[in-house]
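Student: I have a structure here, written as structure tokens, and I will follow up with some questions on it.
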Amino acid sequence: MAHAYTPGLRVTSRTKVTKKRILPLKGDVVVGLGDKVTSDTVVARTEIPGPVEPLNVANILGVPPEDVMEAMLKKEGDVVEKDEEIAKSKSFFGLFSSVAKAKISGTIENISQITGQVLLRGAPMPVEVKAYLDGEVTETFESEGVAVTTWGGFVQGIFGIGGETHGPIKMVSKSSSEVLRENLIDESCKGCVIIGGSLVTANALKKAISVGAVGIVVGGFNDKDLRDFLGYDLGVAITGNENKGITLVVTEGFGEINMAQKTYDMLKSKEGQVACINGATQIRAGVIRPEVVIPTTEDIKEESILKKAENVGLGTGSPVRVIREPYFGRLGKVSDLPAPLQALESESHARVMEVEFPDGEKVIVPRANVEAIEE
């Protein structure tokens, strides 16, 4: 696969971003409406029940299941430690005894006189949900979580790996076309989200991990390097749970593809500011795209005159990227939107648009062959 694009990416230097932060199970919301939060602020927490460990006490003690209750040293609900005696039986007038010990630390959840088994429930596992963004709590969901809102820059990527993280932006590649190689990465990248140009090499990715960078945002990435890095073919499953020590956001596609100049310039203008990034990607229904959010300190109650591109639609002057040959990957602006259907080389008819490229060249392309880029 040489290249791959997904239509409808969003890149803007200022927009309002809201993220819901929801627990996997009901628990406690620990912040209130209107609270200011940072990326590391815990907004909700809960406990996931521990694993269940069955223990066949009847077999261990050599007694009928109905006699297990009499042999128990602990009762339901009691807390026990690993290897602690929980049941004992005696035979031959008390001269010999058998004991059953807990396999794990936890709680006795059930004692069955039908099967002779005792169920031990392991200690619950605490789960905390953090705000992810620097912003304000704008909505709370009882026992479930909150919504956090911020103003900031926003970039949607094509593909990513790794979960949520954050760090200051550090420009590493000097242009949107420069390949991000390992010699450009040093100890100064520790804790940073580093910005590359057209491609990040496999060695550069490994170097970034070794120096402690938290994220990379770059135009392209080779699919072979991706397989080698992950150790398996990704397929179509959702990404974001990879534990590789870094989060990668690819903005353009697979292969050596220059980062869109607008995206590069926007990120460069935010250098030094904290970026919150997430590599989670899902290409199937319920599309999830990797993202870069650069929060600002603006009051989220301020109304903006900006409108979302998807609510306005494409018009003359709208920035677009062509996603089909022969102009694959080229950026331009809509110069005309003819209303009638037009005949294509394939002899089919479709709605088209005229796109003007930066060098002044104008071409006619089907509207389905472009993606809108929000300004």
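Here, each number is a calculation from the coordinates, and none is a lab measurement. Bear in mind the structure is a predicted one, so any value in this text is a computation, not a measurement. With ideal geometry, Cβ positions are generated from the backbone for all residues, glycine too; neighbour counts draw on all protein chains shown.
Student: Which whole-angstrom value gives the distance between the alpha carbon centres of the stretch 35-108 and the stretch 197-276?
Tutor: So the separation of the two Cα centres works out to 47 Å.
Student: Write out the trypsin sites (Lys or Arg not before Pro) in the stretch 70-146 meeting two conditions: DSSP loop, and at most 10 other Cβ atoms within 10 Å of their Cβ.
Tutor: Working: sites: Lys74, Lys75, Lys82, Lys88, Lys90, Lys101, Lys103, Arg121, Lys130; in loops: Lys74, Lys75, Lys82, Lys103.
Filter output for the stretch 70-146: Lys75.
Student: For Lys262, Lys270, Lys174, what's the fewest-to-most ordering of other Cβ within 10 Å of each Cβ?
Tutor: Least to most surrounded, the residues fall as Lys174, Lys262, Lys270.
Student: So what is the relative contact order for the stretch 140-297, in percent, with contacts set as C-alpha pairs under 8 Å and at least six apart?
Tutor: Once divided by the residue count of the stretch 140-297, the mean separation gives 35 percent.
Student: With n ≥ 4 as the cut-off for DSSP H runs, can you work out [θ] at 222 nm for the chain, using -39500 (n - 2.57) per run divided by the number of residues, rounded to the nearest 500?
Tutor: Numbers: 6 runs with 40 residues, N = 375.
That comes out to -2500 deg cm²/dmol.
Student: Same structure, new question: Among the listed pairs Lys36/Lys130; Lys224/Lys262; Lys170/Lys206; Lys20/Lys207; Lys130/Lys174, which are separated by more than 22 Å between their Cα atoms?
Tutor: Details: Lys36/Lys130 13 Å; Lys224/Lys262 28 Å; Lys170/Lys206 17 Å; Lys20/Lys207 33 Å; Lys130/Lys174 34 Å.
As for pairs spanning more than 22 Å Cα to Cα, those are Lys224/Lys262; Lys20/Lys207; Lys130/Lys174.
Student: Placing unit charges on C-beta atoms (Lys and Arg positive, Asp and Glu negative, everything else neutral), compute the dipole magnitude of the chain about its Cα centre in debye, rounded to 20.
Tutor: 300
Student: Of the candidates Pro65, Pro49, Pro290, which one comes out as most mobile in a Gaussian network treatment of the chain with C-alpha springs shorter than 10 Å?
Tutor: Top of the fluctuation ranking is Pro65.
Student: To continue, here is another question. Which value, in debye to the nearest 20, describes the size of the charge dipole of the stretch 52-122 about its Cα centre when Lys and Arg Cβ atoms bear +1, Asp and Glu Cβ atoms bear -1, and nothing else is charged?
Tutor: With only Lys, Arg, Asp and Glu charged at Cβ, the dipole is about 140 debye.
Student: Starting from the alpha-carbon convex hull of the stretch 126-280, give the projected area averaged over all orientations, in nm².
Tutor: 9.9
Student: Which value, in debye to the nearest 20, describes the size of the charge dipole of the stretch 309-372 about its Cα centre when Lys and Arg Cβ atoms bear +1, Asp and Glu Cβ atoms bear -1, and nothing else is charged?
Tutor: 140
Student: Using Cβ counts within 10 Å as a stand-in for footprinting exposure, how do Leu120, Leu226, Leu33 rank, fewest first?
Tutor: Leu33, Leu226, Leu120
Student: Hey, another quick one. For a quick check, take a GNM of the chain with Cα springs below 10 Å and name the residue from Val68, Val155, Val146 with the largest mean-square fluctuation.
Tutor: Val68
Student: Limiting things to C-alpha atoms, what are the Rg and the maximum Cα-Cα separation (Dmax) for the stretch 1-131, in angstroms?
Tutor: Values for the stretch 1-131 (Cα only, Rg and Dmax): 25.4, 84 Å.
Student: Of Gly231, Phe221, Gln156, which is farthest on the positive side of the dipole of the chain, counting Cα position, with +1 on Lys and Arg Cβ, -1 on Asp and Glu Cβ, and the Cα centre as origin?
Tutor: Towards the positive end, the residue furthest out is Phe221.
Student: What fraction, in whole percent, of alpha-carbon pairs in the stretch 25-71 exceed 15 Å separation?
Tutor: 66
Student: Could you list which residues have their amide H under 5 Å from that of Val31, counting only those 5 or more apart in sequence or on another chain, with H placed in the peptide plane?
Tutor: none
Student: Scattering from the C-alpha atoms of the chain alone, worked out with Debye: what is log10 I(q)/I(0) at q = 0.06 1/Å?
Tutor: Here log10 of I(q) over I(0) equals -0.37.
Student: Can I ask one more? Would you grab the residues whose amide H sits under 5 Å from the one on Thr247? Only those 5+ places off in sequence or on another chain, please, with H modelled 1.01 Å from N.
Tutor: Gly215, Ile216
Student: Based on the alpha-carbon gyration tensor of the stretch 309-372 and its eigenvalue square roots a ≥ b ≥ c, which shape applies: rounded if a/c is under 1.5, prolate if not and a/b is larger than b/c, or oblate?
Tutor: Taking the square roots of the gyration eigenvalues as a ≥ b ≥ c, the stretch 309-372 is oblate.
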